[in-house]
Amino acid sequence: MGRKKKKRNIEKSTLKSLITSILRQNPRKAFNYKQLSKQIGVGDENTKHLIQIVLEEMERRELVFSISRGKYKIKSKSTIVDGIIEINSAGNGYVICTDLDEDIFINRKYMPNVVSGDEVKVSVFPSFNKIKKEGEIIEVIKHNTEQFVGVVELAKNHAFILLSNPKIHFDIFLPAKEIKTIKNGQLVVVNVVDWGDKKPNPTAELKEILGYPGEHQAEIHSILAEYNFNNKFDKHIEDAAKNISSKITYDEIKKRRDFRNITTFTIDPYDAKDFDDALSIQQLKNGNWEVGIHIADVSHYINENDNIDKEAQERATSVYLVDRVIPMLPEVLSNNLCSLRPHEEKLCFSAVFELDETAKVCNEWFGKTIILSNHRFIYEDAQEVIITKKGKYAEELLKLDSLAKILKNQRMK
């Protein structure tokens, strides 16, 4: 006859330590007494009952809390921080916090409906010897965007908008009232109206039908919409720009180094409208060459933190697409006052260098200037002059090309 298996007697204090250890190692998971019994390795009913008693005592002492009948989690004093989330293509995220030296990892299973750039509040898990900080998002403070572009997948009484961005881990739900005018497979713009934190998909309203994927205009407008590029300026911005004086006063000229009598030209694509930089060149009496690089002095026309400046800060840069430019500044500035068009006096910031025949920099100067461009080259015309060694301003272009090649060879050594 086989020997009876000896019962394992465990004291309450030992059970409490074992339970605490298991819950701490699994801060996101809830356990009932049966699951804890299995983890601890006990099977007799007396010990299971004792585990129930210990859990109830721990709850009264606020060491654990019950999330549903009989299921418990560890109660810890977690750190709460705010930050900006960045999501990778695997669907996991990292929250960047100014208050912490390292980013907080967010597993995709703890990720609500958020996108990169959203401002979130994070509960940081107790580390328990883990290599990296981990946490969960407990609140979305501010969504980075509410506008999305995707392809329609129609169902009977609703539709889903399928997003192509691999870093967005959800599709968007369109209810019946929003699908009356759309067709399956179309490219559309939608605005999220309910982020559905307890649902797998945000709910949106239809904003615009762009066409079908692959169509030129549809694809261009999808880029504008997806990245929230605004190709128009508000009226008060346009009006402010139109009211800027184009007059260059004598007092202003006196403050600047005058390059109006020095050969100057721009080199840009054939379809460019904003000529924002120019080159000048002249030979000095000592035989050296003076080369100037001039960029439009936008700060002369815009005051710090005025409406135009704030709009420019928001846009950050002009955006160049295949068939159009989304300017950082209203056209009055970008294509007129601050465009270094030929035969027009323009205010600039300049970097001026004196170089010898070996392209050694002998002197340098930086400051405000006034220029008068003599000619507008397109790339092809300038290249033809360099190749054929003849044409408008051939001597100046060839000298600039020669100096540039010497400097390039020096860098490549």
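The values are calculated or read from the model by the stated rules, or taken from the named source; none is laboratory data. Model, not experiment: these values are computed from the prediction. Because the Cβ atoms are built from the backbone with ideal geometry, glycine has one as well, and the counts that use them run over all protein chains shown.
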Going through Phe170, Phe160, Phe125 one at a time, which residue ends up being over 22 Å from the mean Cα position of the chain (by Cα) and at pLDDT 90 or above?
Phe160
Of everything in the range 192-216, what is of a type in the set (S, T, N, Q) and within 18 Å of Ser164 (Cβ to Cβ)? Give them in sequence order.
Asn201
Among the residues of the range 326-344, which ones are touching a Leu at 6+ places or on another chain (Cβ under 8 Å) and over 16 Å from Asn303 (Cα atoms)?
Ile326, His343, Glu344
Sort through Leu63, Leu55, Leu50, Leu100 and tell me the only one that's free of Cβ contacts under 8 Å to residues at least 40 places away in the same chain and in contact with a helix residue (DSSP H, G or I) (Cβ under 9 Å, 6 or more places away or on another chain).
Leu55
Here are some residues: Ile326, Ile371. Which one is touching a strand residue (DSSP E or B) at 6+ places or on another chain (Cβ under 9 Å) and over 22 Å from Lys255 (Cβ atoms)?
Ile326
Tell me which strands (runs of 3 or more DSSP E) are completely within the range 204-320 and hold 2 or more residues being at pLDDT 90 or above and surrounded by fewer than 19 Cβ atoms within 10 Å (Cβ to Cβ), or say none if there are none.
277-283, 289-296
Please state which one of Lys180, Lys242, Lys255, Lys207 is free of Cβ contacts under 8 Å to residues at least 12 places away in the same chain and out of contact with any Asp or Glu (no Cβ under 9 Å at 6 or more places or on another chain).
Lys180
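This table checks each residue for (1) assigned to a strand (DSSP E or B); (2) modelled with pLDDT of 80 or more; (3) under 30 Å from Glu102 (Cα atoms); (4) over 41 Å from the mean Cα position of the chain (by Cα).
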residue	(1), (2), (3), (4)
Lys29	no, yes, yes, no
Lys34	no, yes, no, yes
Ser37	no, yes, no, yes
Lys48	no, yes, no, yes
Gln52	no, yes, no, yes
Glu57	no, yes, no, yes
Tyr72	yes, yes, no, no
Ser76	no, no, yes, no
Ile80	yes, yes, yes, no
Condition first: surrounded by 18 or more Cβ atoms within 10 Å (Cβ to Cβ) and among the hydrophobic types (A, V, I, L, M, F, W, C). Now tell me which residues in the range 85-96 satisfy that.
Ile85, Ile87, Val95
